[in-house]
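Have a look at the structure below before the remarks.
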Amino acid sequence: MIIAIDGPSGAGKSTVAKAVAKRLGFSCLDTGAMYRAVAWRALADGVALDDAEGLGRIAREREVSFVHEPGDPMPKGVAIDGADVSTAIRTAEIDRAVSPVSAVAAVREALVAQQRRIGRSGDYVVEGRDIGTAVFPEASVKVFLTASAEERAHRRVRQNVDRGVGSIDYGEVLADIRRRDDIDSSRAASPLKPAEDAVRLDSTGRYIEDVIDDICALARQAL
Ligand code: C5P
């Protein structure tokens, strides 16, 4: 069974996806981390963000994998070519680089193929931008999770502090969120938009626990 959770940056997808997966005994697939890992490799290799061919090559030839604690089905991070980049992909530099990287059709093609392979290997909560529309259009449950840009920026600032990657400026985060929403929604390849059959949930001003309850209820109905 696949539960697809799509939505813009900072809407709470990761927190919600992990909690739903834990409650239902599913695994979790963070597709944004895969695009971030490719962006990280591109910056490390000096591949320009407008070099579609070079970016496509990274996505096809470098191995993106998930890091697990022994015996824990829930991944704790992501690696590329065996290098654990879980923390390195959460910087403002990667935030800026990832949208142009993920707009490249060849990058999406390579990563989507891998996402389908992973998702078909068991029960998964898959979070991203195009999961319900393009990666798993047959998903049993599709959720489009949103929140206001301001609330999302506040959450991102708090999350960075919690993750220990340093403090960031609220105004800059808000501007970056708006810029990424814009690129992600207007790109030609799989733009960010709700699937027609997605349930739309707005997490602005709501307790995250309540959103998690809503999604678990939808999943139980679909079982
Ligand atoms: O979810 P997260 O913010 O980590 O995703 C980082 C970026 O990866 C997004 O801004 C988007 O450009 C891209 N992405 C995507 N398709 C997905 C997941 C993420 O294009 N399924």
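One chain, two ends: Gln221 and Asp45. Fully extended at 0.36 nm per residue, the span grows by 58.7 nm beyond their Cα-Cα distance. Among beta bridges from DSSP that stay inside the chain, the antiparallel ones total about 25%. Computed over the Cα atoms of the chain, the ratio of the radius of gyration to the Kirkwood radius (Rg/Rh) comes to 0.93. Loop-located GluC sites (Glu not before Pro) in the range 68-141 (DSSP state not H, G, I, E or B) with no more than 12 neighbouring Cβ atoms inside 10 Å: Glu138. In straight-distance terms, cross-link reach from Lys18 covers every one of the aspartates and glutamates whose alpha-carbon lies under 15 Å from its own, apart from those fewer than eight places away in the same chain; here that gives Asp6, Asp30, Asp72, Asp123, Glu127, Glu209, Asp210, Asp213, Asp214. Mind listing the long-range amide H neighbours of Leu201? Cut-off is under 5 Å, sequence gap 5 or more, other chains count too, H placed in the peptide plane at 1.01 Å from N. Under 5 Å from the amide H of Leu201 lie the amide H atoms of Phe144, Leu145, Thr146, each far enough along the sequence or on another chain. Loop-located trypsin sites (Lys or Arg not before Pro) in the range 82-188 (DSSP state not H, G, I, E or B) with no more than 10 neighbouring Cβ atoms inside 10 Å: Arg120. Surface composition of the chain: carbon and sulfur make up 49 percent of the accessible area, probe 1.4 Å.
For the pair Arg120 and Ala105, label points projected 7 Å from Cα toward Cβ lie 2.3 nm apart.
The values are calculated or read from the model by the stated rules, or taken from the named source; none is laboratory data. From a predicted model like this one, the values you see are computed outputs, not experimental measurements. Methodologically, a virtual Cβ is constructed for each residue, glycine included, from the backbone with ideal geometry; neighbour enumeration extends over all protein chains shown. Areas reflect the complete protein model, heavy atoms only, side chains present, ligands, DNA and RNA absent. Shrake-Rupley method; radii C 1.70, N 1.55, O 1.52, S 1.80 Å.
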